[in-house]
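Undergrad: Have a look at the structure that comes next, please.
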Amino acid sequence: MAKPLQKERENRSADKKDTSFHPYTISPESAHTSILLLESAEPEILCQTLRAITKFSAQEIQNRYVLFNLNAIKYILQHVEHSELNIRRFALKALAQLCQLPRGPEQVLTNAQNLRKIALMLAKNEDVFVLEFASLVLAELTREPLGCEQLISVNILGSLFSRMKNSLDPDVQKNCLQTLSNLLDDPVCASEVTKNQQFSWPSLLALMQSKFLAIQHAALRTVDQLICRYKDQNVQKTFRASTGVLDLCDILESYEFRDVHTQVLGVLRNYVETEENASHLFQSGCILRLLAYLEMALPAMKPGCLAVLTKMSFNVNGRDALYETGTDLVFCHQLLSSNVELLADAAMGVANMTKLLPAAIRMSDTNIIEALCAILGDDAAVWFYIRINALRALAELCRIIPKAAFSLVEPKTFASLRNINKKFKDTPIEAQRLAVQVYINLQNYHVSTKAMLNPDFMQELLNILQRIDISLKIMTCSVLTGLMAHDAAKDLFNSRKGEAVVSENLHIEHVGLRTALCILITSSVIDEGSDAYLELGTIHYMVENRQARYVVGAWEPALETIFKHHPSAKLAYTGRLDINDFTSEGFYCLKRLGKRFPTLQDVNATPILRNNPVFICMFNQPDWESASAIDVGNVHEKSESVLGTNPSKRFPTLPEDVNLRTHLLKLKMWFGDPSKSLHYIEMENAHYEVRYRDKCDEVSTSLKQRAQMLAEYVAEQMSGLTQEKDCSMPSVDLHLADLMVELNSPIIGIGWVKCGGSLERAILYKALADRLGLPCALHRATSAYAWCEVAVPEIETEEDKDVVENYPAGLLRANYVVDLTVRPGRLLPREGREARLTCGPKCAPPYTAGGRPEVCLCENMGHTGCQNNDKKKKLIIDSQMIGYKSY
């Protein structure tokens, strides 16, 4: 028989059965275990677990991240409405701690019912701890726009204002203030706050003087947000009606509240943004209280106080108030302060107060300019915003106060201003622009402008113009343009090679800069400058750049101004000189043009080309400053229209053109004195004055006879050296080649030419007509066509041709073509058939330098001037020959 595995035991408790559960102590070893315990139904376990979680969260921020990653918010939200009060307390506290994490509110706000439950607790519950933690949760949730939107939809703003006003717990008050602040940060919800019936200023203003610093900060922040709603007229009006600004000044005058003085000054600075608020601050007497505070405040508080006064100077009512209280002089006094932090606002205050003329006059009577320049010259002072604001103040003072401008251009003070652009590597670009703006403002007065008319300053401006900043370049062009009203500035500009700087900048494709440069060209160009622009290739670039000519409105006027001073270039690049374009002394014309029109110096330096002479018009004697043959005893100064400098500096030494001068003397004896016969006004005597007709008031019918006589005379002088009067092209070319050999130069005075074709005759006719007061235009087209047109009054057939009538000179237009070759002396109507024989076909484009047209310009290809009727054919201009060849 086998043995039993174990002995039989007696059940001693069988008659004593106990079915109850004996409690035991649970000690979770991790946060995860604690989170799982939140699903328990036992109130004691829930209370102990939530209490442990709040302690764990309070230790450090990393613990809260641990709980958040374990999805603790989901489990905690299940107990915020628990029937047990302590569980509700700890659940709300734990939830508030986790909502302080960046992503905490996001998880709570996924369900709008979560915020609704907590908000209703704030409205209906009276437990102090529940109110504290519920308000804290709302303060954290409303940091998100979604939280603000959900809170507004619950419609508990009235309860929020009530708790803020009546709660005995300072934490609840602070949390409610923070919630209101969050709502005001949201642009949509802010209007709901301000139009709520429970909103009132007294309760909010009372919290600014709370004994708790946190509540003071929250209240001041909320007040600041409200008064910054400048377009909300209800808020602005009610605040002005309240004791707000007086309460703020009371806080400033209380040493007990010194910890919030900086924030109070910030609120006042934002409040005076509008003119109505600035007036209210003045009417309430707060400006004087601020000035008193500025005197007695700690050094750290003074910059904030001065900033309030400076902010008032930005609007009209504020400037009036500051002037009435003498604050403008306070700004001037603070510029001498040892507190560096006051200098920026003081300088800005001076700049703004200058806009009020009485204040500007009163400040200019002090040593304000010296003080501002001392700040500029202090290398230890920072640029932003101490020295920058000092520059602004200088610019405004010099704009309207002559005394300030005169003080600034004194050597010592002006040096501190000029050093800004001299030491440009050490100065910000904003300072350089402001310094140039000061230069612009200084040009309002003659004395200060005169101080800038010197070679060093002109060189400084040209150096500024070569920097990379476009705005700085444009402003510098404005300075230079203003200076060009003085002839001395034009000479300085030319002597410092300003044309080269302008030409270089003109290649920058910026419409504003090009416009400014073209305006500068228009105001600064002189005869020598036009030569420089031609030598630099600027004229060629401006003519060829067709896109810029259309985009930049000032491009064409600038080019026309250069052409006015250089008619030779105008003829070369446009193919014509109109009746208002005058041939100046030294006018020259090439027989054959290339891609670029050269200067006279370049022509003289090149080897002689037998087939390309250059014709020049030089009327003056070599010793041109001595009296001319017809003006012996003339002691008058030269006219402005005569070349202002010695021509020898512009033109190479050339043989004297006695013949040309003789032509002019003979014609003047025949025609009489133009200044008497053509009704000139304020005419000055001058050497072979060109622009007679500039001052002409009326012209007479005798012009037609003069035009005919001049044509006959010109043709007679250029009809050849033999009795046969052979002026064929070979004879002309041979004669010109002989002249170049005889003169040892490609440059031939037009008076030396005795055998000339249409071009030579047209040049001589135009040069003499300009000096005889005859309105004459010179045209040059391809295929060796060159002709002159004159503008003479039309005479009615029934009128007596012997009676001389006068006509307004301004109505003249070229109406006759002068025949200089076939039957010299005839005046041919412009649109007539015989005129077309002289001028060539309409399809012939102007003969110009640079790019030439490749197609026929005539709209009607069927006229007799074209060699081919086929519109698909092109007429190609040979750049080396004057004429067309077809293919």
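The values are calculated or read from the model by the stated rules, or taken from the named source; none is laboratory data. Keep in mind that what you see is a predicted model, and the values were worked out from it rather than measured. When we count neighbours, we look across all protein chains shown, and the Cβ atoms used for this are built from the backbone with ideal geometry, even at glycine. Accessible surface areas use protein heavy atoms only, side chains included; no ligands, DNA or RNA. Shrake-Rupley method; radii C 1.70, N 1.55, O 1.52, S 1.80 Å.
Undergrad: Does Val502 satisfy the criteria of being of a type in the set (A, V, I, L, M, F, W, C) and either under 21 Å from Gly377 (Cβ atoms) or at pLDDT 95 or above (or both)?
TA: yes
Undergrad: For segment 390-423, how many residues meet the condition of being in a loop (DSSP other than H, G, I, E, B) and open to solvent by 60 Å² or more (accessible area, probe 1.4 Å)?
TA: 2
Undergrad: Additional query: State all residues of segment 355-389 that are assigned to a loop (DSSP other than H, G, I, E, B) and either over 23 Å from Asn315 (Cβ atoms) or of a type in the set (Val, Ile, Thr) (or both); if no residue qualifies, say none.
TA: Asp365, Thr366, Asn367, Asp378, Asp379, Ala380, Ala381, Val382
Undergrad: If you don't mind, another one. Taking into account only those residues within segment 216-237 that are crowded, with 20+ Cβ neighbours inside 10 Å and closer than 15 Å to Met164 by Cα, which is farthest from the chain's Cα centre (by Cα)?
TA: Only one residue fits best here, namely Gln216.
Undergrad: I'd like the full set of residues that are part of a loop (DSSP other than H, G, I, E, B), open to solvent by less than 50 Å² (accessible area, probe 1.4 Å) and polar (S, T, N, Q), limited to segment 199-215.
TA: Passing the criteria: Ser200, Ser210.
Undergrad: Restricting attention to segment 258-281, does a residue exist that is touching a helix residue (DSSP H, G or I) at 6+ places or on another chain (Cβ under 6 Å) and among the basic types (Lys, Arg)?
TA: Yes; the residues of segment 258-281 include at least one that is touching a helix residue (DSSP H, G or I) at 6+ places or on another chain (Cβ under 6 Å) and among the basic types (Lys, Arg).
Undergrad: For the structure I just gave you, tell me whether Asp328 is open to solvent by 40 Å² or more (accessible area, probe 1.4 Å), among the acidic types (Asp, Glu) and farther than 20 Å from Phe406 by Cβ.
TA: No: the conditions fail for Asp328.
Okay, residues lined up against (1) open to solvent by 20 Å² or more (accessible area, probe 1.4 Å); (2) touching a strand residue (DSSP E or B) at 6+ places or on another chain (Cβ under 9 Å); (3) in contact (Cβ under 8 Å) with a residue 24 or more places away in the chain:
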residue	(1), (2), (3)
Glu84	yes, no, yes
Leu95	no, no, yes
Leu98	no, no, yes
Lys124	yes, no, no
Phe129	yes, no, yes
Phe133	yes, no, yes
Leu138	no, no, yes
Pro145	yes, no, yes
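Undergrad: Across segment 185-198, which residue is farthest from Gln209 (Cα to Cα) among those that are under 43 Å from the mean Cα position of the chain (by Cα) and open to solvent by 20 Å² or more (accessible area, probe 1.4 Å)?
TA: For segment 185-198, the residue satisfying everything is Val188.
Undergrad: Moving on to the next point. Can you report the number of residues in segment 440-492 which are in a helix (DSSP H, G or I) and either open to solvent by less than 10 Å² (accessible area, probe 1.4 Å) or not hydrophobic (A, V, I, L, M, F, W, C) (or both)?
TA: Let us first name the residues in segment 440-492 that are in a helix (DSSP H, G or I), namely 440-442, 446-451, 455-465, 470-483, 487-492.
Narrowing further to those that are either open to solvent by less than 10 Å² (accessible area, probe 1.4 Å) or not hydrophobic (A, V, I, L, M, F, W, C) (or both): 441-442, 446, 448-450, 455-465, 471-473, 476-483, 487, 489-491.
Residues in segment 440-492 being in a helix (DSSP H, G or I) and either open to solvent by less than 10 Å² (accessible area, probe 1.4 Å) or not hydrophobic (A, V, I, L, M, F, W, C) (or both): 32 in total.
Undergrad: For segment 405-434, which positions are over 12 Å from Leu391 (Cβ atoms) and touching a Cys at 6+ places or on another chain (Cβ under 7 Å)?
TA: Residues satisfying the conditions are Ala405, Thr413.
Undergrad: A further question on this structure: Quick check on my filter: what residues within segment 266-284 are more than 19 Å from Met208 (Cβ to Cβ) and either open to solvent by 40 Å² or more (accessible area, probe 1.4 Å) or not aliphatic (A, V, I, L, M) (or both)?
TA: Within segment 266-284, Glu273, Thr274, Glu275, Glu276, Ser279, Phe282, Gln283 qualify.
Undergrad: Next question. Output the residues belonging to segment 708-765 that are basic (Lys, Arg) and closer than 26 Å to Asn604 by Cα.
TA: Residues satisfying the conditions are Lys754, Arg761.
Undergrad: Something else about it: Find the residue count for segment 746-772, including only residues that are among the small types (Gly, Ala, Ser), under 15 Å from Thr583 (Cβ atoms) and not in a helix (DSSP H, G or I).
TA: The total comes to 1.
Undergrad: Of the conditions (1) at pLDDT 85 or above; (2) open to solvent by 30 Å² or more (accessible area, probe 1.4 Å); (3) on the phi > 0 side of the Ramachandran plot, Ala784 clears all except one; give me its number.
TA: All conditions are met except number (1).
Undergrad: Residues being more than 26 Å from Gln621 (Cα to Cα), of a type in the set (Val, Ile, Thr) and at pLDDT 85 or above: count how many of those fall in segment 676-735.
TA: Selection size over segment 676-735: 1.
Undergrad: Consider Pro613 against the criteria (1) open to solvent by less than 60 Å² (accessible area, probe 1.4 Å); (2) within 46 Å of the chain's Cα centre (by Cα); (3) under 19 Å from Leu759 (Cα atoms): it satisfies all of them except one. Which criterion is unmet?
TA: Exception for Pro613: condition (2).
Undergrad: Related question: Give the residue that is least open to solvent (accessible area, probe 1.4 Å), with candidates limited to residues of segment 238-255 that are small (Gly, Ala, Ser) and closer than 20 Å to Leu177 by Cα.
TA: My answer is Gly244.
Undergrad: Would you be able to tell me the number of residues in segment 150-168 that are part of a helix (DSSP H, G or I) and surrounded by fewer than 17 Cβ atoms within 10 Å (Cβ to Cβ)?
TA: The number of residues fulfilling the criteria is 5.
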